[in-house]
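The values are calculated or read from the model by the stated rules, or taken from the named source; none is laboratory data. Computed from a predicted model, the values in this text were never measured in an experiment. Quick reminder, even Gly has a Cβ in these numbers, built from the backbone with ideal geometry, and neighbours come from all protein chains shown. Note: areas computed on protein heavy atoms with side chains; ligands, DNA, RNA excluded. Shrake-Rupley method; radii C 1.70, N 1.55, O 1.52, S 1.80 Å.
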Amino acid sequence: MRWYTRRRSRTVCLSLAIASLSLHLLLAVLSRSVYQNPCDAPSPRQTHLHTLRALVDTNYTSRMSDNHASYAKIPPDTRKVDSSHMDSNGPQKLAEKDAVTTKMAVKVGHGRKEEGPVDSLNMTVRVGKFGSMGMKPMGSRMSKLEALFSHPLYNMPTPPIHEDDWLLKVKPKGKARETSTQMWVSDSDIGDDSAHWNRSSDIHPPWLRFHLGISRWQLYPHLDPNMASLAQQLSTHRIVSAVQKSGGTQLKLVMSFPNYGQAMLKPMKQERDEETNFNLYYFSDFERHNAEIAAFHLDRVLGYRRIPPAVGRLVDVVTEIKDITTDHKLARTFFTSPVNNVCFYGQCSYYCSTEHAVCGRPQNLEASLAMMLPDPSLATRRTWRSPWKRSYSRSKLAVWEKDPDYCDRVKKTPPYNKGTRLVDLIDMTILDFLMGNMDRHHYETFEKFGSNTFLLHLDNGRAFGRHSKDEPSILTPLEQCCRIRRSTLLHLRLLSLPQYRLSDVMRDSLSHDPLFSVAPLLSELHLSALDRRLVTVLQTVSRCQERQRSRHGEGDDVIYEDVTDYKTLVKHVTPAR
């Protein structure tokens, strides 16, 4: 018995010794890892910046087929993907890498799992860079959009804008109130003549800064710092009212924000990749929400800046439309589909019925929100019939379709007989041809500026319907008139160069929209069509110049000179071959 007790005590002591030794070893390992952690592991901020850098490099550099000269200056550790070594599965691998990197960024930046189809990091990055160049982590390369917008052609010096060339007057500080329909007056101004409004004030809401920035020549300036705030409002601010906009052939809603800003909503009616049926006439087609967004980006890339800013947004059909609308006619059209999706159809001339209802999934609805222009009581707009308007008939042709010399008559008719109206219209024609938009029957201008002003490129919902077929009849004004701005031609030639390729720049620009996190706004087939159509436009201009040379010995009559320092710019823009 004594021997058994002694043996048991020895076993217990041995076990305690082993346990003590194991505990000391474990503590030593833990202490070593703790002391080395500050030196070996990057801080959360460094990890976040590294992840964002990877996002930027993946989103931009890996999708470019041509390397920019500045790429050589990037440190080797920031060159994540070389597009020249991509195999046939490159796009798929890039998409997978984008998804993995995005999830990493969400976990590192916010310490939580991603929520919903549009994660908060993507929303911040894309909306934050929407309008201006945006800040990038050190060491990252310049994107194609940034390279394009930093080109001298997009940064030509412009003369100062005179007071009469602003659309809206601004109440000067310390002066008595004037009674004018073009004067901005806030509710707090009543009885207070010392209130001060100016165009650059950061205290104004983004929509007001946008309105105050409209001039005789454009809707907003190049690299407008207000664009990021405006995009943020359109895509994220709370919606307090939703009513149907009267007029038009299809459903549109006017959405209001708490700061009194308003936006035009066009809902998603068909999938992005769904091409228009070839048997449909141009006036029978659906309007597309992604077309409105892409049209704004294309107009901006071309240097026009004549389309109001448009942003994609996921709208809750119930909480952001049905529950807050005061439009009783609209409210009566809501219903629940057999698969429990919330739908509505409104009241309009066409496609407003249960067969053409707009439905959420089950409540989330993709839509475009375009910034509303100033109310007509503040800035009256004049509507002009396009000389090349289509007949909108299934059997009749328009006059311009039958008369090849039709432009000679147009050139003799006001306001096309002087000024820039004709080349303004041809600018719009080129935009429509690139988008495949056949529905440009009218256009508008601000009445305050008379005929000496730009054309508003509004209502682009029927663009980007077909990528497999180009519509040459859209280019008829350019073909018949053989007239184009020098600046427009230089922009087009620049966008035909490999380092500024139109499809690449548009892909880059559209990637900043919030809906890009759901799916690309334009398919690769539509982007390729842009490059193909751009070549057609440049070939049309070349034919015009050759025609002029054969008739008059020179082709300079084709070009409308609007670039003063042409010799300095031309060395930066090599014509497409």
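When the C-alpha to C-alpha distance is required to be over 25 Å, the pairs from 245/411; 418/448; 252/322; 144/389 that qualify are 245/411; 144/389. Placing a pseudo-label 7 Å from each Cα along the Cα-to-Cβ vector at residue 21 and residue 354 gives an inter-label distance of 8.3 nm. Proximity of backbone amide H atoms, modeled 1.01 Å from N, is registered between residue 241 and 256 at under 5 Å, excluding neighbours fewer than 5 places apart on the same chain. Where in region 351-386 does the label zone of residue 318 land, with the point 7 angstrom along Cα→C-beta and an amide N cut-off under 18 Å? Inside the label zone: 358-366.
Per the Cα gyration tensor, region 270-422 maps to an equivalent ellipsoid with semi-axes of 36, 21, 16 Å, ordered largest to smallest.
Measuring r between the beta carbons of residue 347 and residue 391 and using R0 = 22 Å, the FRET efficiency lands at 0.20. Remark: accessible surface ordering of 22, 246 (largest first) is 246, 22, probe radius 1.4 Å.
Residues in region 331-344 carry Karplus couplings, in order, of 4, 6, 9, 7, 7, 10, 6, x, 9, 6, 8, 7, 10, 7 Hz; the curve used is 6.51 cos²θ - 1.76 cosθ + 1.60 with θ = phi - 60°, and Gly or Pro positions show x. Taking the accessible area of region 488-565, probe 1.4 Å, and keeping the other protein chains in place, the carbon and sulfur fraction comes to 46%. Amide H contacts for residue 215 (H built 1.01 Å from N in the peptide plane; partners 5 or more residues away or on another chain; cut-off under 5 Å): 167. When peptides 416-427, 372-383 are ranked by their average number of other Cβ atoms within 10 Å per residue, the highest-first order is 416-427, 372-383. Entry comment: accessible area of region 475-517 is 19 Å² per residue, from protein heavy atoms only and a probe of 1.4 Å. The string of couplings for region 256-266 from the Karplus curve (6.51, -1.76, 1.60, θ = phi - 60°) is 10, 10, x, 8, 6, x, 9, 9, 8, 9, 10 Hz, one whole number per residue in order, with x for Gly and Pro. Taking all protein chains as shown and a probe of 1.4 angstrom, residue 11 keeps an accessible surface of around 80 Å². Within the shell defined by Cβ-Cβ distances under 11 Å, the residues around residue 331 carry a net charge of +1, with Lys and Arg each +1 and Asp and Glu each -1.
Projected onto their three principal axes, the Cα atoms of region 424-529 cover extents of 42, 28, 25 Å, largest first. The phi torsions of region 529-545, fed into the Karplus equation with coefficients 6.51, -1.76 and 1.60 and a -60° offset, translate into couplings of 4, 4, 5, 5, 6, 4, 4, 4, 4, 5, 5, 5, 5, 4, 5, 4, 5 Hz, rounded to whole numbers, with Gly and Pro shown as x.
Taking all protein chains together, 402, 448, 329 sort by accessible area into 402, 329, 448, largest first [probe 1.4 Å]. Taking region 320-346 and a reference point 7 angstrom along Cα→Cβ of residue 246, the backbone N atoms nearer than 16 Å belong to 326-330. Taking all protein chains together and rolling a 1.4 Å probe, residue 324 ends up with roughly 40 Å² accessible.
Between the amide H of residue 269 and those of 289, distances stay under 5 Å, these residues lying 5 or more places away or on another chain, with hydrogens modeled in the peptide plane. Across the protein chains, with a 1.4 Å probe defining accessible surface, the residues 464, 286 rank 286, 464 from largest area downward. Rolling a 1.4 Å probe over the protein heavy atoms gives region 315-367 an accessible area of 55 Å² per residue.
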